[in-house]
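Worksheet for the structure shown next.
The values are calculated or read from the model by the stated rules, or taken from the named source; none is laboratory data. What you are looking at is a predicted structure, and each value in this text was computed from that prediction instead of being measured. Cβ atoms come from the backbone with ideal geometry, glycine included; neighbour counts cover every protein chain shown. Side chains are part of the model used for accessible areas, which takes the heavy atoms of the whole protein and leaves out ligands, DNA and RNA. Shrake-Rupley method; radii C 1.70, N 1.55, O 1.52, S 1.80 Å.
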Amino acid sequence: MDTILRLAIQKSGRLSEDSIKLINECGIEFSNGGGKLKSTSTNFPVEFLFLRDDDIPGYVSDGVADIGIIGENVSVETQKKVNTVHRLGFSKCRLSIGVPKDFHYEGPQSLTGKKIATSYPNILNDFLHEHNIHATIHEISGSVEIAPGIGLADAICDIVSSGSTLISNGLKEVETVFRSEAILIANENLSAAKNKILHDLLFRIDAVKRAKNTKYILLNAPNESIDKIIALLPGVKSPTIMPLAKEGWSSLHSVVKENEFWQVIESLKAHGAEGILVIPIEKIIQ
Ligand code: ATP
Ligand code: ZN
């Protein structure tokens with residue numbers, strides 16, 4: 001039987017949509033309808049397992065799954081032995097300390113002797129240890145932010161994105177403990193055949209990621225400005241220059257980093273660039 005790589009992704013939640021989007025952008029097709037637990041791709045040697053996110057690091061370290069997409073926060077917290085093979089750049093969030101808004105916070109030492117509620121006891125413990133703080137960690141599995149209000153804890157350590165949940169519970173964010181994003185993890189003992197499939201997958205992920213911050217640019221400019229325009233666009237290498245039917249004008253085609261483009265747009269126009277088109281690129285193979 002041909003080798004197949006088992007990829008664990010979150011069944012439903014804050015990681016699922018972007019995980020599936022990434023897989024699709026890599027040209028890998030599969031069906032995940034009907035609440036199925038498993039699905040096999042029709043055009044790439046990978047089988048998907050749809051799981052609760054908390055179970056993914058354990059399954060990958062045990063070899064039930066070969067690779068998985070997971071929040072770095074969960075991967076670090078579970079302390080399972082896995083390889084982090086890629087940072088994926090989505091599901092960004094942070095784990096922060098929150099205290100009641102009238103708490104007089106002057107730094108980590110203000111947590112000395114306090115009781116802190118969290119679903120991330122290991123990450124919190126590392127933070128306290130690093131700052132030499134002795135505090136009590138109270139582990140709870142959900143609704144951490146209500147703990148101070150009901151007298152269960154003096155502070156919390158929880159995932160924050162906008163901070164509005166903290167505010168609506170009368171808390172303020174005082175310390176960032178950990179910054180997280182989605183990562184691709186792999187079993188430490190993948191066979192050579194599985195590593196080869198992983199390598200092919202990473203190649204595709206890289207091509208998609210590279211394309212995301214690079215755009216295809218087309219513009220028209222008077223011939224005498226073409227050199228200056230190329231110099232203005234540092235990302236532009238070996239552009240294609242074609243004469244326009246309009247005498248003394250050329251069309252320039254190239255690729256450019258999106259952020260670099262926004263920095264020079266006004267100067268481009270000042271040098272006479274017209275009809276500027278910036279077009280998304282789907283994939284860049286290098
Ligand atoms: P499951 O049912 O699979 O156990 P869950 O409720 O534990 O799901 P989610 O809320 O779906 O988990 O969050 C999954 C991961 O997404 C988190 O571990 C974190 O890495 C990331 N995440 C959490 N909150 C946010 C947020 N507000 N914005 C972006 N990413 C987030
Ligand atoms: Zn979970």
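Quick notes on this one:
- Restricted to segment 45-59, and to residues there that are more than 17 Å from residue 17 (Cβ to Cβ) and under 19 Å from the mean Cα position of the chain (by Cα), the residue that is nearest to ligand 2 (Cβ to nearest atom) is 54.
Listed here are the residues, each with its yes/no results for (1) open to solvent by less than 80 Å² (accessible area, probe 1.4 Å); (2) touching a residue at least 40 places away in the same chain (Cβ under 8 Å).
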{"site": "245", "(1), (2)": "no, no"}
{"site": "250", "(1), (2)": "yes, no"}
{"site": "256", "(1), (2)": "yes, yes"}
{"site": "261", "(1), (2)": "yes, yes"}
{"site": "269", "(1), (2)": "no, no"}
{"site": "273", "(1), (2)": "yes, yes"}
{"site": "276", "(1), (2)": "yes, yes"}
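- Number of the exception - residue 285 against (1) modelled with pLDDT under 90; (2) surrounded by 16 or more Cβ atoms within 10 Å (Cβ to Cβ); (3) over 30 Å from residue 76 (Cβ atoms): (2)
Residue by residue, here is whether (1) open to solvent by 70 Å² or more (accessible area, probe 1.4 Å); (2) assigned to a loop (DSSP other than H, G, I, E, B); (3) free of Cβ contacts under 8 Å to residues at least 12 places away in the same chain; (4) not hydrophobic (A, V, I, L, M, F, W, C) holds:
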residue	(1), (2), (3), (4)
137	no, no, no, no
145	no, no, no, yes
148	no, yes, no, yes
165	yes, no, no, yes
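- Of the candidates 98, 35, the single residue that is modelled with pLDDT of 95 or more and more than 13 Å from residue 182 (Cα to Cα) is 98.
- Per the conditions (1) in contact with a Lys or Arg (Cβ under 7 Å, 6 or more places away or on another chain); (2) at negative phi, the sole criterion not satisfied by residue 112 is (1).
- Considering segment 1-81, the qualifying helices (runs of 4 or more DSSP H), each wholly inside and each with 2 or more residues that are within 16 Å of ligand 1 (Cβ to nearest atom) and surrounded by fewer than 19 Cβ atoms within 10 Å (Cβ to Cβ), run over 16-25.
- Selection within segment 82-103 - under 23 Å from residue 136 (Cα atoms) and either of a type outside the set (Ser, Thr, Tyr) or not in a strand (DSSP E or B) (or both): 94, 95, 97, 98, 99, 100, 101, 102, 103
- Under the condition of being in a loop (DSSP other than H, G, I, E, B), in contact with a Leu (Cβ under 8 Å, 6 or more places away or on another chain) and crowded, with 17+ Cβ neighbours inside 10 Å, the residues counted in segment 104-135 number 3.
- Checking each residue in segment 174-190 for being within 16 Å of ligand 1 (Cβ to nearest atom) and open to solvent by 70 Å² or more (accessible area, probe 1.4 Å) picks out only 179.
- Residue match in segment 62-69 (condition: small (Gly, Ala, Ser), assigned by TED's automatic domain parsing to the domain that holds residue 185, closer than 24 Å to residue 192 by Cα and over 17 Å from the mean Cα position of the chain (by Cα)): yes
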